[in-house]
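Dropping the structure in here first, questions after.
The values are calculated or read from the model by the stated rules, or taken from the named source; none is laboratory data. None of these values were measured; they are calculated from a predicted model. With ideal geometry, Cβ positions are generated from the backbone for all residues, glycine too; neighbour counts draw on all protein chains shown. Just so you know, the surface numbers come from the protein's heavy atoms only, side chains and all, with ligands and any DNA or RNA stripped out. Shrake-Rupley method; radii C 1.70, N 1.55, O 1.52, S 1.80 Å.
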Amino acid sequence: MPLQRLNTSASPIARFGLGLAAVGRPGYINVGRKADLPADRSVDTMRARAHQLLDTAYDRGVRYIDAARSYGRAEEFLATWLRTRPDARDVVIGSKWGYTYTADWRTDAEVHEVKEHSTSAYDRQLAETRVLLGSRLDLYQIHSVTQDSPALTDRALHDRLATLAAEGVTIGLSTSGPGQAETIRAALAVTVAGEPLFGSVQATYNVLEPSAGEALAEAHAAGRTVIVKEAMANGRLADRHAIGPDTAVLREIAQETGASCDAVALAMVTSRPWVNVVLSGAATVEQLTSNLTAADLRLRADQLERLAALTQPADGYWAHRSRSVWA
């Protein structure tokens, strides 16, 4: 499996990946984007920012990059970067299908992306991904699977995905919503010709929303690669945003360790032995550099226990996320 090339035990940094959701398009739901990005969010400007982050990540030792069809031009930006970095043959590339980007490079679009987990959507988007990434595609994930997604039961789709797997691409899925645990367990049970279909699971897991933890541990024990997204809760756990009473413990532990709030939040995730890769969704080099300091941060058991007090009900967390403004 291509993901086996990810030697996450090689160094602490190797457990970090770079997600391109925040820099592949002008608008996204991360808080603080007006401070993170210039007013000029032209294609050229966003491409330059993406390449800057990719250079920094690679030079620091990051070897997993995560994109998606719905991340605007993220796959295109990644493809042009790969052409300029022939030394980056050891990078493992993951992308996703299942959402179509519809904002036409606007931050004020009424609809930014449209979800469809059909075989026709898969056929179309795989062809689009192949045009850009060709043989560099290592992992292809169904984007934001929920319990009611036909992707969990559509046998024709499963056969198509198994064909791609036979060509050497790992098949995965990402999950979202308060029912992530149930979705993950349902995905683990999907087989084609008696073989498990999904080789990886990507899920939201952070100090505010850890409800998928047990299911992710089960996935890891079953031999799946576990990738954690939104470990920063879309920016809510960054220093400048972790200012309310609900994150007081995070600020206290940051002060105790001399680390940033984002490093503490990420170190909680990497403390879980079942996490293979945690994604940084940084929009600036400064954010990425700060995120990666988590690689050398070891939290004490009592600090991890105190962070557990920040857990919010999953329904409430996802309701809050659904109200996030694209900017």
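With respect to the numbered conditions (1) free of Cβ contacts under 8 Å to residues at least 40 places away in the same chain; (2) surrounded by fewer than 16 Cβ atoms within 10 Å (Cβ to Cβ); (3) not in a helix (DSSP H, G or I), which one is the sole condition not fulfilled by A88?
With (1) free of Cβ contacts under 8 Å to residues at least 40 places away in the same chain; (2) surrounded by fewer than 16 Cβ atoms within 10 Å (Cβ to Cβ); (3) not in a helix (DSSP H, G or I) applied to A88, the lone miss is (2).
Give all pairs with beta carbons closer than 9 Å in which a residue from region 274-296 that is farther than 13 Å from A14 by Cβ meets a residue that is among the basic types (K, R) and open to solvent by less than 20 Å² (accessible area, probe 1.4 Å); count only pairs at least 6 apart in sequence or on separate chains.
A283/R33
How many of the residues in region 40-62 are open to solvent by 40 Å² or more (accessible area, probe 1.4 Å) and under 20 Å from L6 (Cα atoms)?
The number of residues fulfilling the criteria is 3.
Does S271 fit the bill of being in contact (Cβ under 8 Å) with a residue 24 or more places away in the chain and surrounded by fewer than 18 Cβ atoms within 10 Å (Cβ to Cβ)? Steps first, please.
Working: in contact (Cβ under 8 Å) with a residue 24 or more places away in the chain: yes; surrounded by fewer than 18 Cβ atoms within 10 Å (Cβ to Cβ): yes.
Yes, satisfied.
If you go through region 150-164, how many residues are among the hydrophobic types (A, V, I, L, M, F, W, C) and over 21 Å from the mean Cα position of the chain (by Cα)?
4
Moving to a separate point now. Give R251, R224, R185, R236 a once-over and let me know the one that is open to solvent by less than 40 Å² (accessible area, probe 1.4 Å) and charged (D, E, K, R). Lay out the reasoning, then the answer.
Working: R251 fails: open to solvent by less than 40 Å² (accessible area, probe 1.4 Å); R185 fails: open to solvent by less than 40 Å² (accessible area, probe 1.4 Å); R236 fails: open to solvent by less than 40 Å² (accessible area, probe 1.4 Å).
None of the others qualify; the one that does is R224.
Conditions tested, residue by residue: (1) of a type in the set (D, E); (2) closer than 23 Å to N7 by Cα.
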{"position": "G72", "(1), (2)": "no, no"}
{"position": "E76", "(1), (2)": "yes, no"}
{"position": "R83", "(1), (2)": "no, no"}
{"position": "I93", "(1), (2)": "no, yes"}
{"position": "T102", "(1), (2)": "no, no"}
{"position": "V114", "(1), (2)": "no, no"}
{"position": "S118", "(1), (2)": "no, no"}
{"position": "Y122", "(1), (2)": "no, no"}
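Now for a different question. Which ones in region 299-327 are touching a residue at least 60 places away in the same chain (Cβ under 8 Å), open to solvent by 60 Å² or more (accessible area, probe 1.4 Å), not aliphatic (A, V, I, L, M) and not in a loop (DSSP other than H, G, I, E, B)?
D315, R321
Among (1) in contact with a Gly (Cβ under 9 Å, 6 or more places away or on another chain); (2) open to solvent by 20 Å² or more (accessible area, probe 1.4 Å), where does R83 come up short?
Looking at each condition in turn, R83 falls short on (1).
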